[in-house]
Amino acid sequence: GAGVSQSPSNKVTEKGKDVELRCDPISGHTALYWYRQSLGQGLEFLIYFQGNSAPDKSGLPSDRFSAERTGGSVSTLTIQRTQQEDSAVYLCASSPGDFREVNEQFFGPGTRLTVL
Amino acid sequence: AQSVTQLDSHVSVSEGTPVLLRCNYSSSYSPSLFWYVQHPNKGLQLLLKYTSAATLVKGINGFEAEFKKSETSFHLTKPSAHMSDAAEYFCVVTSSNTGKLIFGQGTTLQVKP
């Protein structure tokens, strides 16, 4: 079956531009997570969605970062006024059920963002 | 707060020899622990998970891990390494509040012929 998909796979942008990263979770998965993987910081949690609401945004590094999820499915992570330190691989994961059930998180292939 | 520490950033073994990747965790309650693997240019894949059932957990590709509460450890082992095991391995604990994954720093496994 289809897994988690992310687009674009690669994004090169200039400092100061805005970018949008998209995640399509596995159909029927109610939980959706965004993570960031960078050389200096390893793998970091950004935000968690349960349905369309985001009960945990504690990992967003600044107010330049925002995310939304519509229809309990697709999610978009937006980074405004990108900085070079935003360069990383952004990973999306989805999971059936909510956090009280210990379910596997299924990861997408990631979007590699490079800010010049 | 929960955290994990992977004790080795790089492990090198010869093909056919045992693999040991070490992980210690910190948690104020009984944690759920995972090992994920990331092959070059591939996505993260779950190897195995511990959720307070059996302390010895078997995963895919012959890997297993043992939860030792007295040692706060969750080491990953495999009796015989294969070339295809070369990858980055992450020990992970899950937050009780939102299920978010908290990753260790990763261990790069090199398998020599």
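The values are calculated or read from the model by the stated rules, or taken from the named source; none is laboratory data. All values reported here derive from a predicted model rather than from experimental measurement. Here the Cβ positions follow ideal geometry from the backbone for every residue, glycine too, while neighbour counts run over all protein chains shown.
Structure above, values below:
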{"quantity": "Given (1) within 14 Å of chain A (Cβ to nearest Cβ); (2) part of a loop (DSSP other than H, G, I, E, B), number of the condition residue B:89 does not satisfy", "calculated": "(2)"}
{"quantity": "Unmet requirement for residue A:72, which otherwise passes all of (1) touching a Cys at 6+ places or on another chain (Cβ under 9 Å); (2) away from every other protein chain (no Cβ under 14 Å); (3) small (Gly, Ala, Ser)", "calculated": "(1)"}
{"quantity": "Residue count for segment B:92-107, restricted to those that are more than 7 Å from every other protein chain (Cβ to nearest Cβ) and farther than 16 Å from residue B:30 by Cβ", "calculated": "2"}
{"quantity": "Residue count for segment B:1-28, restricted to those that are crowded, with 17+ Cβ neighbours inside 10 Å and of a type in the set (S, T, N, Q)", "calculated": "4"}
{"quantity": "Residue identified as in contact with a helix residue (DSSP H, G or I) (Cβ under 9 Å, 6 or more places away or on another chain) and either modelled with pLDDT of 95 or more or hydrophobic (A, V, I, L, M, F, W, C) (or both) among B:79, B:18", "calculated": "B:79"}
{"quantity": "Yes/no for residue A:14 being acidic (Asp, Glu) and surrounded by 15 or more Cβ atoms within 10 Å (Cβ to Cβ)", "calculated": "no"}
{"quantity": "Among (1) within 14 Å of chain B (Cβ to nearest Cβ); (2) closer than 27 Å to residue B:108 by Cα; (3) surrounded by fewer than 18 Cβ atoms within 10 Å (Cβ to Cβ); (4) free of Cβ contacts under 8 Å to residues at least 60 places away in the same chain, the one test that residue A:58 misses", "calculated": "(2)"}
{"quantity": "Tally, over segment A:1-21, of residues that are in contact with a strand residue (DSSP E or B) (Cβ under 6 Å, 6 or more places away or on another chain) and without any contact (Cβ under 8 Å) to a residue 60 or more places away in the chain", "calculated": "1"}
{"quantity": "Members of segment B:82-100 that are touching a residue at least 60 places away in the same chain (Cβ under 8 Å) and surrounded by 22 or more Cβ atoms within 10 Å (Cβ to Cβ)", "calculated": "B:89, B:90, B:91, B:92, B:93, B:94"}
{"quantity": "Strands (runs of 3 or more DSSP E) within segment B:23-73 that include 2 or more residues closer than 23 Å to residue A:43 by Cβ", "calculated": "B:23-26, B:33-38, B:44-50, B:64-68"}
{"quantity": "Residue under evaluation residue A:115, criteria (1) touching a helix residue (DSSP H, G or I) at 6+ places or on another chain (Cβ under 6 Å); (2) over 25 Å from residue B:38 (Cα atoms), criterion not met", "calculated": "(2)"}
{"quantity": "From A:88, A:67, residue being within 14 Å of another protein chain (Cβ to nearest Cβ), closer than 13 Å to residue A:20 by Cα and modelled with pLDDT of 95 or more", "calculated": "A:67"}
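A quick yes/no check of all residues on (1) farther than 18 Å from residue A:103 by Cα; (2) within 11 Å of chain A (Cβ to nearest Cβ); (3) within 11 Å of the chain's Cα centre (by Cα):
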{"residue": "B:34", "(1), (2), (3)": "no, yes, yes"}
{"residue": "B:39", "(1), (2), (3)": "yes, no, no"}
{"residue": "B:46", "(1), (2), (3)": "no, yes, yes"}
{"residue": "B:50", "(1), (2), (3)": "no, yes, yes"}
{"residue": "B:53", "(1), (2), (3)": "no, yes, no"}
{"residue": "B:66", "(1), (2), (3)": "yes, no, yes"}
{"residue": "B:69", "(1), (2), (3)": "yes, no, no"}
